[in-house]
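> So that we are looking at the same thing, I have put the structure below in C-alpha cells.
Every read-out reported here was derived from the displayed coordinates using simple, explicitly stated rules and does not represent laboratory data. If you're wondering where the values come from, they're calculated on a predicted model, not measured in any experiment. Here the Cβ positions follow ideal geometry from the backbone for every residue, glycine too, while neighbour counts run over all protein chains shown.
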Amino acid sequence: MAIINQATKELQVKVVYYGPAMGGKTTNLVQVHDHVQTAAGDKGKLVSLATSSERTLFFDFLPVEAMTIRGFKTKFQLYTVPGQVIYNTTRQLVLRGVDGIVFVADSQYEKMPENVESFQNLIDNLNSIKFNLHDIPYVLQYNKRDLPNVAPIEYMEFLLNNREVQVPSFTSTAHRCEGVFETLNMITRLLLHKFINQGVPQRA
Amino acid sequence: MANLPQLTEEDIQKLDAMLCEFITSTDASAALVIDEAGFLITHQGDTSGFDLTSIGALASGAFMASQAIANLVNEKNFNCIYQQGENFSLFVTNVDEYCMLIVIFKATTGLGVVKYYAATAVKLIARQLKISRKRAPGEGIDLSTLKATDTQHIFRKKELGEKKRR
C-alpha cells in the first residue's frame, strides 16, 4: 500500500500492469520509459527480469517521479506481471502491496478467452492476498487495435467491463505509444482521487 | 491498511540510529529497511553507488519468492536470503510480517558477523515498529488542494523533436 514518508517528503505508490501473455504489458512500460517527460525530469531505470526470448519471467519494474503535491514528491513504481499461466505464484507476489491496476487485454478475437481467464485470475489472486478488486482503482486497456482481427470495443466491454460500476477503458496500440499515456494518467488520477477522498495514512 | 505502522519522523530517526549502530558493528556498506511492496522506508550507510529503489523492488521480490519456495517444501518460511558476490554480498532478513532488512556488505566481511548483529538489529527495529503500530494514526497528507484538472496530464509524452534534441 502507498507510503507517505515524512522524513524524505515522498509519496510512493505501486501500480501493476496485469493481463494475458503477450498482451503488451512490458511494451507499455518500455514506451513509458522511452517517452515520459515528468515534471521533475526524473525517471528510473527500467528493470526487466525476462527470459532469453524476452518473455517476462518475474516482473518488469519502472520507477517514475511525477508532480510535487504540497511539498511531497509523488513516486510511482510501475510493475508488470508475467502473463504466462505457469507463473501464477509470481503474479501473486508482484500483487502484494498494490495500489492500482492496469489490465492490458489483447484485442484479437481469438484472445478473448485468455482475456477473461486472466481477469478472473486477477480477481482470484487478489482474493488470495485478502484484497478485493472493487477496493482497488483499476483501468482497462484494449491493446493491439492496429491488428486486422480485433474484436469490437462493445464486445470487449461486455466481456471485461460488464459490472454495476464500469471502470475507465482505453484503446491502445502500445508499440506505437498510442493510448499508453492516456491509460497511465487515468490510473494515476484515480489513485490520487482515492487518496483525496480517503486520506493516505502517514507511514513514515 | 494496517500492514505498516504509523511512523513519525522520530521513529525514522530511531530506526536510522539502529541501522547506524548495526553498520558500525558489522562494517557493512549499507543497510535498508523496506516493506513488502518494495518501498524503501529508510536507509543508512554509503549508498552513493547503489540504485536503492531498484534494489528495494528486486530484493523484496526475491525474498518473497524464497518464502513461496519455503511453503512448497513444507517450511513455514525461510527468514533470510544471502547472495554472495566477488565485491559485495547481500543479506536480506525478515523484520516482521511486512518489513525486511537488507544489508549490503563487502565480500571480505564475514556473513557470520552480519547475521549475528542482524539478529539483534531486527529485534530492535521490530520493537520500534510495534511501538509505532500502537500509536494512534496521525493525519495523512492533505491532498484536498489538488484539483481534478491538475491530474489529467501528470505524465507527459515527450514530443518527437524534443526526444531527438536530447
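> On the first, second and third principal axes, largest extent first, how far apart are the outermost C-alpha atoms of region B:9-151 in Å?
52, 37, 32
> Sticking with this structure for a sec: Quote the FRET efficiency, to the nearest 0.05, computed for B:Lys123 versus A:Ala50 with a Förster distance R0 of 51 Å and r equal to the Cβ-Cβ distance.
Efficiency for this residue pair is about 0.85.
> How large are Rg and Dmax for the protein assembly as shown when calculated on the C-alpha trace, in angstrom?
20.9, 64
> Of all beta bridges DSSP finds with both residues in the protein assembly as shown, what is the antiparallel percent, to the nearest 5?
65 percent
> Between B:Tyr82 and B:Glu21, what FRET efficiency follows from the Cβ-Cβ distance if R0 is 25 Å, with the result rounded to 0.05?
Once rounded, the FRET efficiency stands at 0.70.
> What is the packing order of peptides A:143-150, A:13-20, A:88-95, taking the mean over residues of other C-beta atoms within 10 Å and listing the highest first? Each step should come with its number before you reach the end.
Working: A:143-150: 16.1, A:13-20: 25.6, A:88-95: 20.6.
By packing density, highest mean first, the sequence is A:13-20, A:88-95, A:143-150.
> Taking H as built 1.01 Å from N, whose amide H comes closer than 5 Å to the amide H of A:Ile69, not counting residues under 5 places away?
Here A:Thr74 satisfy the definition.
> Would you tell me the mean number of C-beta atoms belonging to other protein chains that fall within 10 Å of each C-beta in B:68-74, as a whole number?
Partner Cβ neighbours, averaged per residue: 1.
> Just tell me how shielded B:30-42 is by partners: mean number of partner chain Cβ atoms within 10 Å of each residue's Cβ, no decimals.
Per residue, the number of nearby Cβ atoms from other chains is 5 on average.
> Considering the options A:Val47, A:Phe103, A:Thr8, tell which one lies farthest towards the positive end of the dipole of region A:3-198, charges being +1 on Lys and Arg and -1 on Asp and Glu at the Cβ, about the Cα centre.
A:Thr8
> Excluding B:Met100 itself, calculate the net charge of residues whose Cβ lies under 13 Å from the Cβ of B:Met100, where each Lys or Arg counts +1 and each Asp or Glu counts -1. Write down the numbers at each step before the final one.
On the way: positive: A:Arg96; negative: B:Asp35, B:Glu36, B:Asp96, B:Glu97.
Counting the neighbours of B:Met100, the net charge comes to -3.
> Still on this structure, please answer the following. Read phi for every residue in region B:111-116 and hand back ³J(HN,Hα) as whole Hz from Karplus 6.51 cos²θ - 1.76 cosθ + 1.60, θ = phi - 60°, with x for Gly and Pro.
Coupling constants for region B:111-116: 5, x, 5, 4, 5, 4 Hz.
> Hey, another quick one. Which whole-Hz couplings ³J(HN,Hα) result when phi for each residue of region B:70-86 is put into the Karplus expression 6.51 cos²θ - 1.76 cosθ + 1.60, θ = phi - 60°, listed in order with x for Gly and Pro?
4, 4, 6, 10, 6, 10, 4, 6, 8, 7, 7, 10, 9, 10, 9, x, 7
> To the nearest 20 Debye, how big is the dipole of region A:61-123 about its Cα centre, given +1 on the beta carbon of each Lys and Arg and -1 on that of each Asp and Glu?
Once rounded to the nearest 20, the dipole reads 420 debye.
> Ignore the peptide's own chain and count Cβ atoms of other chains within 10 Å of each Cβ in A:88-100; give me the average, rounded. Before the final figure, lay out each step's value.
Working: counts 0, 6, 4, 0, 2, 9, 6, 1, 9, 10, 1, 1, 0.
Whole-number average of other-chain Cβ neighbours for A:88-100 is 4.
> Further question: To the nearest 10 degrees, how steep is helix A:112-128 against the longest Cα principal axis of chain A, on a 0 to 90 scale?
With both axes taken from Cα atoms, the answer is about 40 degrees.
> In whole Hz, what ³J(HN,Hα) sequence does region B:92-103 give by Karplus (6.51, -1.76, 1.60; θ = phi - 60°), x for Gly and Pro?
10, 9, 5, 9, 8, 4, 10, 10, 9, 10, 10, 10
> Still on this structure, please answer the following. Enter the mean projected area of the convex hull around the alpha-carbon atoms of region A:149-188, in nm², rounded to one decimal.
Computed as one quarter of the Cα hull surface, the answer is 3.4 nm².
> Quick one: dipole size for the protein assembly as shown, taken about the Cα centre, charges +1 on Lys/Arg Cβ and -1 on Asp/Glu Cβ, in debye to the nearest 20.
Working: 38 positive and 38 negative charges, 85 e Å.
Using Cβ point charges on Lys, Arg, Asp and Glu, the protein assembly as shown gives about 400 debye.
> I'd like to know which of A:Val64, A:Ala174, A:Leu160 lies farthest towards the positive end of the charge dipole of region A:59-204, counting +1 on Cβ of Lys and Arg and -1 on Cβ of Asp and Glu.
A:Val64
> Treat every Asp and Glu Cβ in region B:9-151 as -1 and every Lys and Arg Cβ as +1, leave all other atoms uncharged, and give the resulting dipole magnitude about the Cα centre to the nearest 20 debye.
500 debye
> Under 25 °C and 0.890 mPa s, how fast does chain A diffuse according to Stokes-Einstein, given a Kirkwood radius computed over C-alpha pairs? Answer in µm²/s, whole number. Don't skip to the answer; put the middle values down first.
On the way: Rh = 17.2 Å.
Answer, rounded: 143 µm²/s.
> Shifting gears a bit: Under the rule of at least 5 residues apart or a separate chain, name every residue whose amide H is placed under 5 Å from the amide H of A:Ile101.
Here A:Val16, A:Tyr138, A:Val139 satisfy the definition.
> What is the order of B:Lys115, B:Lys134, fewest Cβ neighbours within 10 Å to most?
Details: B:Lys115 15, B:Lys134 8.
Least to most surrounded, the residues fall as B:Lys134, B:Lys115.
> Ok, one more. Taking the dipole about the Cα centre of region B:9-151, with the C-beta of Lys and Arg at +1 and of Asp and Glu at -1, give me whichever of B:Thr120, B:Thr93, B:Asn74 is farthest to the positive side.
Ranked along the dipole, the leading option is B:Asn74.
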